[in-house]
Amino acid sequence: MAQRVEPQATGAARPGDRHGGVAGVGDKALGAQVREARRRRARRARRRFLAIRLTSLVVVFGAWQLYGMHTIAILFAPITTVLHQGYLLFAHDQLGSQLGYSMWTFVCGYAIGVAVGIVLGMLMGAYRWAEAAVSMYVFALYATPMVALVPIISLWIGFDATAQIVIIALFVTWPMTVTVFHGVRQIDAELMEVSRSLRLNRRQMWVHVLLPGAVPYVITGATQGVAMGLVGVIIAELQTQLSGLGDALQTQSQTYHTAAALAVILLIMVLGVGLRAILGLVQHRAVPWLRIDRGDGAQR
Amino acid sequence: MASVEMASAPGDGRRVVGAGESGRSGGDIACSGLYKWYGDSAVVAGLDLYVAQNQFVCVVGPSGCGKTTLLRMMAGLASIDSGTIAISGRQVNGPLPSVAVVFQHYGLFPWKTVFNNVALPLRASGVAKGEAARRANDALTLVGLNDIGDQYPAQLSGGMKQRVGLARALAIQPEVVLLDEPFAAVDAQTREILQEELLALWSRYQQTAVFVTHSIDEAITLADRVIVMGTKPGRIVDDIEVPIGRPRSVASVRRHESYTPLRERIWDQLRGSSTAGGERG
């Protein structure tokens with residue numbers, strides 16, 4: 001308890017020395033230097049990671065190429081053959097339109113899944129009654145492999161694009177809901193208290209606290225949702241009416257065009273990576289307050 | 001002091017903090033027969049306290065004496081199990097518009113810029129955009145932070161964050177400011193600087209304030225009156241006027257003849273009232 005601060009020892013405190021608003025000209029120049037050095041370090045680190053990534057790609061694709069060249073074509077194919085087959089599928093087969101179809105159902109199903117997930121997750125997170133009412137179903141469905149529902153969905157809705165969109169939405173929505181729910185719950189209890197103290201009404205609470213606080217989790221959920229949605233696309237296309245990329249995959253592998261099948265798989269992988277990258281950009285723009293911690297000028 | 005010079009910048013004598021000089025009535029706090037139980041133990045037991053308008057009261061006490069609970073009840077953030085609190089004659093049963101709170105962990109919204117954090121309570125209570133912006137900027141000027149309005153809290157040091165917290169509280173021109181160990185989370189040096197700035201602010205704009213702390217030095221430095229609370233059950237064990245005039249500075253308080261006797265008196269009270277010796281310093 002006794003916090004003995006000896007006044008003689010330190011002398012009177014001088015406001016502004018360290019944390020005050022006024023920085024001298026020398027301080028500013030020094031600050032600029034420090035920031036510049038930090039930027040240089042960050043640039044170097046980025047270059048190094050890029051180099052590691054490229055090396056890794058060369059090694060993996062090199063191994064693929066070597067192994068593919070020394071095995072039988074029915075089992076595996078070198079990367080060059082796979083890429084060539086992919087080109088042929090685009091140029092002379094229907095891979096382009098199949099990709100378009102898959103993307104269309106993906107976007108519809110994904111959008112529905114994300115929207116439902118945000119609404120459900122936010123309600124469950126913000127209101128205890130909503131959690132009490134629906135959380136058991138959400139967690140039960142979250143724990144259920146959605147593949148198990150596919151035959152039933154087909155029975156109810158049929159085999160067309162609508163059924164596929166519903167299946168994709170189901171794949172996306174439960175992880176989305178759970179992530180957003182936890183996100184809202186993790187908004188700092190002190191901040192909720194602050195909002196009460198500031199006498200925010202319900203609308204203001206949503207606009208200023210709950211929604212912005214949940215944004216990082218919404219984006220995390222949406223990023224996970226990309227992977228789940230792509231799983232949904234392929235399963236839906238294989239299990240209902242054979243169509244889109246699922247059709248391409250099935251046709252090529254059942255006719256032992258292994259290289260072509262691998263090309264389709266590669267395409268799906270690229271889709272996953274690309275869509276995640278897009279969401280990464282969205283995240284960067286949508287949560288400027290989290291960008292700060294990456295060492296560009298923050299003084300923690 | 002730099003902060004005082006900053007504070008005088010607006011220059012036209014506008015009332016940014018509630019004005020003691022304008023003869024405004026209200027701003028007093030009357031607690032009577034307060035009880036608060038957590039489980040079977042009374043955290044606050046039969047507490048009576050009257051804080052007059054424009055009085056700066058520090059509440060000190062060991063951990064668990066209910067000082068923060070008392071503050072939270074005044075703020076309308078904790079329910080009152082028995083008894084009443086009236087602020088400016090208005091019964092507290094939820095946060096009052098005339099009361100501002102400064103939180104221990106700053107309570108700033110990380111997704112809002114400094115400026116928007118300070119302007120939020122103004123906008124939320126229906127103040128027009130231009131007026132809110134002007135008052136937010138005035139409040140930031142008062143704490144010497146008017147040039148960092150567009151930064152995010154994560155970019156600030158602890159001391160700066162709490163200055164923003166203070167600016168947000170003052171911007172709404174409250175009748176009463178409640179401060180819950182506001183300087184407990186910053187380092188000792190910054191703490192002293194913040195105390196200095198708070199003293200400077202209060203000598204310009206008198207204002208009813210209840211400041212909870214566990215530091216005896218901080219209490220004597222800042223307060224007109226120190227309330228010492230004891231534990232098990234939480235109650236007032238001493239109520240001491242601080243006979244040190246204003247304006248003050250941290251150093252002038254330390255040099256004052258009554259500083260050491262006061263300090264010893266409070267220290268004895270705390271030792272006597274708390275059997276557990278393990279409280280934080």
Seminar exercise, completed: Excluding residues fewer than 8 positions from B:Lys36 in its own chain, the lysines with Cα under 23 Å of it are B:Lys67, B:Lys232
Problem set entry | Expected-Rg normalisation [2.2 N^0.38 Å, Cα atoms] applied to the protein assembly as shown | 1.27
Exercise. Under unit Cβ charges (Lys, Arg +1; Asp, Glu -1), what dipole magnitude, rounded to 20 debye, does the protein assembly as shown have relative to its Cα centre?
Worked result: 1160 debye
Problem set entry | Inter-site label distance for B:Tyr38 and B:Arg225 at 7 Å from Cα along Cβ, in nm | 2.7 nm
Problem set entry | Dipole of segment A:94-288, positive direction: furthest Cα of A:Gln254, A:Gln241, A:Phe139, with charges on the beta-carbon | A:Phe139
Problem set entry | Protein accessible surface hidden between A and B, which excludes ligands and nucleic acids, total in Å², probe 1.4 Å | 4100 Å²
Exercise. Simple spin-label model, 7 Å along Cα-to-Cβ: A:Ile74 to B:Ala52 in nm?
Worked result: 10.2 nm
Exercise. In sequence order, what are the phi-derived ³J(HN,Hα) couplings for segment B:153-160 according to the Karplus relation 6.51 cos²θ - 1.76 cosθ + 1.60 with θ = phi - 60°, rounded to whole Hz, with x for glycine and proline?
Worked result: x, 4, 8, 9, 6, x, x, 5
Exercise. For segment A:94-288, with only Lys/Arg (+1) and Asp/Glu (-1) charged at the beta-carbon, what is the dipole magnitude about the Cα centre, in debye rounded to 20?
Worked result: 580 debye
For this session: For an R0 of 30 angstrom, estimate the FRET efficiency from the Cβ-Cβ distance between B:Asp268 and B:Asp147 and round to the nearest 0.05.
Result: 0.05
For this session: Before anything else, pin down the relative contact order of chain A: Cα pairs under 8 Å, at least 6 apart, normalised by residue count, whole percent.
Result: 23 percent
For this session: Provide the FRET efficiency to the nearest 0.05 for the B:Glu131-A:Ala32 pair, computing r from the beta carbons and using R0 = 51 Å.
Result: 0.90
Exercise. Near B:Lys129, which lysines are there with a Cα under 21 Å away, not counting those fewer than 8 places off in the same chain?
Worked result: B:Lys112
For this session: Extending each Cα 7 Å along its Cβ direction at A:Phe90 and A:Ala277, get the distance between those two points in nm, one decimal.
Result: 1.4 nm
Problem set entry | Most positive-pole-ward Cα, B:Ala30, A:Gln204, B:Gly158, against dipole of the protein assembly as shown from beta carbon charges | B:Gly158
For this session: For the protein assembly as shown, report the accessible area per residue in Å² (1.4 Å probe, heavy atoms, rounded to an integer).
Result: 47 Å²
For this session: Note the full-extension length gain between A:Asp160 and A:Leu242 as 0.36 nm times their separation in residues minus their Cα-Cα distance, in nm to one decimal.
Result: 28.6 nm
Exercise. Taking 0.36 nm per residue of separation and subtracting the Cα-Cα distance, what length does fully extending A:Arg128 through A:Gln186 add?
Worked result: 19.5 nm
Seminar exercise, completed: Per the helix-only model, the protein assembly as shown has a calculated mean residue ellipticity at 222 nm (DSSP H runs of ≥4, -39500 (n - 2.57) each, divided over all residues, rounded to the nearest 500) of -18500 deg cm²/dmol
Exercise. Carbon and sulfur: what percent of segment A:94-288's accessible surface (1.4 Å probe)?
Worked result: 70 percent
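The values are calculated or read from the model by the stated rules, or taken from the named source; none is laboratory data. Note that the coordinates shown come from a computational prediction; the quantities given were computed from them, not determined experimentally. Cβ sites come from the backbone with ideal geometry, for glycine too, and all protein chains shown count toward neighbours. Accessible surface areas use protein heavy atoms only, side chains included; no ligands, DNA or RNA. Shrake-Rupley method; radii C 1.70, N 1.55, O 1.52, S 1.80 Å.
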